[in-house]
Amino acid sequence: MKRIYLDQMAWIELAKAKYSKSKDVRYIDAYLLAKEAVQNGLAQFVLSGTNHQETQRRQSYDSRLDIVEVMAELSGFHAICRPHRIVPTEIEIAIYDLFEIRPVPHVQPFGEGMDFMWDYQFGDLSSQLSLLGTTDCAQLGITPRLLELLRVWPSLANDILLAAGRDSKNFPEDGELIRKLQSLDGNFVERQELISSAIESDPLLRAKLDHVVAGAALAEIRVEVLLACGRLGVDPDILLDMLAGDSAKYLTFFRGIKSRWVAYRMELQVQGQIDRKWKPNDLHDVIGLSVAIPYCDIVVTEKQWRHLARTEHLDREYETNVIAPVEMRDVFESL
């Protein structure tokens, strides 16, 4: 069985195909082939917090429900975790490899439901719905169409409620979630722009761009590295001495932290483009793809990240087929 991760634009195209809103036969075929592959146990589509965030941002509530329904149908809300959940284990694996300790721990980036996706207990939001009448549901923001989705997939009701949310036009207080997410995006952009400004103002830093971005990436996980040393009984001073004295070991150690390595390569890709400005959606891409590329079998994403995966040979390193949305039909047909 192949695990498949789709960027949000691919989910949008499949939703259009399902509801006859697309005239592109490639996406119509891709949707039908994806559905067949899931039914035959050949594929498992996985969602990320990035998919959830971008679904919540859609202004049209009907369009949002289109996407949520296709997600429920194809993924069953199987998910990949956020990077922070697996980075500690990845660091342990990198340390084990460095000291040639066996057996090596196993990373588990896959699970089920929104609770796993966000590493947070949302609670059971759907348990009381069966006791409510249509009028009560409407007052709570449960539209007739959303209520029908909950009845079709009762086992996924909680995840559907969380994925769809309520129509913010009728419940403006729900927009607070979006505002908080936008604040996180803004903080990410500010941090990256600080690095960009430093690089632009100092030619020496520009010449050592990869070292600057790598240093910033490793600084973000320095506490996790120390904690991992403590768990494994490894003297952190010995670890740091080994890495400082051998650039090859340093590189191998960093590459062993797979999700952080991929994120670093993505950040370096953008920092290396003088005219390219950081966008809030870049954070979503980094969070989702930094786990999807090293752990999924097939990743469907946009041009700049496909180019990165292929030119940096990340697709070969992780044996991941990184493709464009228009390639879904051919790839799904070969499953």
Please go through the range 220-248 and give me each residue that is open to solvent by 90 Å² or more (accessible area, probe 1.4 Å) and under 30 Å from Val299 (Cα atoms), ordered by number. Glu220, Arg222
The condition from (1) under 22 Å from Glu148 (Cβ atoms); (2) among the hydroxyl-bearing types (Ser, Thr, Tyr); (3) touching a residue at least 60 places away in the same chain (Cβ under 8 Å) that Thr50 misses is numbered (1)
List pairs: first in the range 222-241 and among the charged types (D, E, K, R), second surrounded by 13 or more Cβ atoms within 10 Å (Cβ to Cβ) and modelled with pLDDT of 90 or more, Cβ under 6 Å, 6+ apart or cross-chain? Glu224/Val87; Glu224/Pro88; Glu224/Ile91
If you take the residues of the range 297-333 that are polar (S, T, N, Q) and at pLDDT 95 or above, which of them is most open to solvent (accessible area, probe 1.4 Å)? Asn321
Criterion: over 30 Å from Ile238 (Cα atoms), surrounded by 14 or more Cβ atoms within 10 Å (Cβ to Cβ) and at pLDDT below 85 - qualifying residue of Ala157, Ala164, Ala138: Ala138
So which residues in the range 249-296 are of a type in the set (A, V, I, L, M), modelled with pLDDT under 80 and surrounded by fewer than 21 Cβ atoms within 10 Å (Cβ to Cβ), if there are any at all? Leu268, Val270, Ile274
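The values are calculated or read from the model by the stated rules, or taken from the named source; none is laboratory data. Note that the structure is predicted; figures quoted are calculated from it, not measured. Here Cβ is always computed from backbone atoms with ideal geometry, including for glycine, and neighbour counts include all displayed protein chains. For accessibility, only protein heavy atoms count, side chains too; no ligands or nucleic acids. Shrake-Rupley method; radii C 1.70, N 1.55, O 1.52, S 1.80 Å.
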